[in-house]
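Heads up: the structure comes next, in structure tokens.
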Amino acid sequence: MSFFFIDDAPAVGSVAFQASATSTSTTITCPSVQQYDVGVLIDFSSNGASPASAVVPSGFTSLTTTTSGGYRGTASYKIFDGTESGTSLTGLSGSGFVSKILLTFRPSSPISAVSASTWLTELGT
């Protein structure tokens, strides 16, 4: 079990899943979001014998990146300001497959930061 605290800030009562988007290209379109929504992008690609260069969309913060052979997987997040609905986000590319999913979550009260727990990754071929 893990806990995190935000000093001098009201507690977030709950966080609810809002929407998702998927893509098999270099870009993904952001679903409708509001200010303080949190987006989590999970991005995979294959690129022959060596992995594609790591890419984190503008304004996002990297959670993790991992490679295995020619495969790369990344995860990143952003607290949205509400202007991102329908915008195109650029992520990983590759000469093989590319697969992205963007998940959006809405906290019950405004947030200013995200504290990620320890990230465990496994990337298999």
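The values are calculated or read from the model by the stated rules, or taken from the named source; none is laboratory data. Keep in mind that this is a model prediction, so the values were computed, not measured. Here Cβ is always computed from backbone atoms with ideal geometry, including for glycine, and neighbour counts include all displayed protein chains. Remember, those area values only see protein heavy atoms, side chains included, never the ligands or the DNA or RNA. Shrake-Rupley method; radii C 1.70, N 1.55, O 1.52, S 1.80 Å.
Some observations on this one:
- Verdict on A54 being over 12 Å from the mean Cα position of the chain (by Cα) and at pLDDT 95 or above: no
- Cross-chain or 6+ apart pairs with Cβ under 8 Å, the range 20-36 first and under 11 Å from S88 (Cβ atoms), then open to solvent by less than 50 Å² (accessible area, probe 1.4 Å) and of a type in the set (D, E): C30/E84
- Screening the candidates T90, T83 for the property of being among the hydroxyl-bearing types (S, T, Y), under 15 Å from the mean Cα position of the chain (by Cα) and open to solvent by 30 Å² or more (accessible area, probe 1.4 Å) yields one hit, T90.
- L123 being modelled with pLDDT of 95 or more and open to solvent by less than 60 Å² (accessible area, probe 1.4 Å): no
- Test: T74 is open to solvent by less than 40 Å² (accessible area, probe 1.4 Å), over 13 Å from L92 (Cα atoms), in a strand (DSSP E or B) and in contact (Cβ under 8 Å) with a residue 24 or more places away in the chain: no
- Selection of the range 106-117 for residues being open to solvent by less than 60 Å² (accessible area, probe 1.4 Å) and part of a strand (DSSP E or B) yields only P107.
- Considering residues of the range 21-34 that are assigned to a loop (DSSP other than H, G, I, E, B) and hydroxyl-bearing (S, T, Y) only, the residue farthest from K100 (Cα to Cα): S32
- Residue, least open to solvent (accessible area, probe 1.4 Å), within the range 35-46, restricted to residues that are touching a strand residue (DSSP E or B) at 6+ places or on another chain (Cβ under 7 Å) and in a loop (DSSP other than H, G, I, E, B): D37
- The range 61-116, subset charged (D, E, K, R) and out of contact with any Asp or Glu (no Cβ under 6 Å at 6 or more places or on another chain), residue nearest to V15 (Cα to Cα): K78
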